[in-house]
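Let me begin by presenting the structure, written as structure tokens, before commenting on it.
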Amino acid sequence: MASIQNIGVRLFLRVVVKKKKLHLVSVRAVRHSLEMLTKYSKIPRAVKFEKTEYEGIPIEWTIPDNLVNPGVVIYLHGGGYISGSIKTHRGLVGGLAKRSKTKFLSVEYRLAPENPFPAGLDDVIKIYHWLLQQGYDHNKIVIAGDSAGGGLAIATLTRLKDEKAPMPAAGVCMSPWLDLECTDDLQIALDKKDPMVPIAALRAYGKHYAKDNLRHPYASLLYSDPTGLPPLFIQVSDSEVLYRDTVRYEKMAKAAGVQVEVEVWKNMVHVWQAYGPILPEAMQAIKKLGEYIETKTK
């Protein structure tokens, strides 16, 4: 049974976010809204942030005081490929770093519409190869992300596989966006149930990001070949529009022989993990994500 806090968060998002008709709002306003929304995400204690850059790409290390594992997680923030930043996701990343006892490297990849596909993906690929040059073992690197960042995480894995690069240990996603067209009938039916993300906004963001390449296999991963990918761990809610993306991709990936573990949570909001410690279910989900990441970064 969903917590009383979850009921409150759902109501808040339906009133504050869903009713805004985000597809009619400017990109600048969307970015501001996400900055305001993520202020509710609390940064855990005893986590150190070190911001730097590589070849003009801003990156930030998140180092927990309980750091044990030698591996690293490359983290890719959500925001529909048009918004979000290292700053907006510090609370979530800090919580995951603490739970996994692993350092994280957040990437401020370039955003659309100023820098459309594949600019952001190019940035992430460059950072991955830089980590290898720094001596990190690819077998102890995890690529993780939420929403659009989750899609970008799987896109990164797919491109690395296609380019025959050393593969990371795993991919970890929260409610990944894997179909930019958003045409699935059951997905459309979930539009009324989702208290936060409207399909109309996703379609608008998808066009900002991929232009006429909405079905490119590195943009919409449902058109990719997952054969040869490392293990994937995905959390998603059954009451969000992106639920169907995970269901369809899971079936496709398993048929290709990929080890995929999917946790479906009932009646949760999109990327509910970001609402810890306000939301007890967020803390439970982060615990499970942290435990999984730790097994891959030891």
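Near Tyr54, the amide H atoms lying under 5 Å from its own belong to Ile59; only residues 5 or more places off or on other chains count, and H is placed 1.01 Å from N.
What is the sum of charges, Lys and Arg at +1 and Asp and Glu at -1, for the other residues whose Cβ falls under 11 Å from the Cβ of Ile286? Residues near Ile286 contribute +2 overall.
What's the local net charge at Arg99, with K and R +1, D and E -1, over the other residues with C-beta under 12 Å away? After counting each charged neighbour, the total is +2. Summing Lys and Arg as +1 and Asp and Glu as -1 over all other residues whose Cβ lies under 13 Å from the Cβ of Glu163 gives a net charge of +2. Taking the helices alone, the chain has a mean residue ellipticity at 222 nm of -12000 deg cm²/dmol, built from -39,500 (n - 2.57) per DSSP H run of at least 4 residues and averaged over all its residues.
Measuring between alpha carbons in the structure, the pairs from Lys164/Lys287; Lys101/Lys266; Lys51/Lys207; Lys192/Lys287; Lys101/Lys126; Lys140/Lys164 lying more than 22 angstrom apart are Lys164/Lys287; Lys101/Lys266; Lys51/Lys207; Lys192/Lys287; Lys101/Lys126. Couplings 3J(HN,Hα) of segment 44-49, computed from phi: x, 6, 6, 10, 9, 10 Hz, in residue order, whole Hz [Karplus 6.51 cos²θ - 1.76 cosθ + 1.60, θ = phi - 60°; x for Gly and Pro].
Here segment 53-139 carries DSSP beta bridges of which approximately 60% are antiparallel, counting only pairs with both residues inside.
Note on segment 4-297: antiparallel DSSP beta bridges, both residues inside, total approximately 35 percent of the bridges counted. Just checking the listed ones, Ser100, Ser224, Ser147: in the Gaussian network model of the chain with Cα springs under 10 Å, the one fluctuating most is Ser224.
Where a number appears in this text, it was derived from the coordinates with a stated rule and is not lab data. Because the structure is a prediction, the values reported are computed rather than measured. A quick note on method: Cβ atoms are made from the backbone with ideal geometry, for glycine too, and the neighbour counts reach across all protein chains shown.
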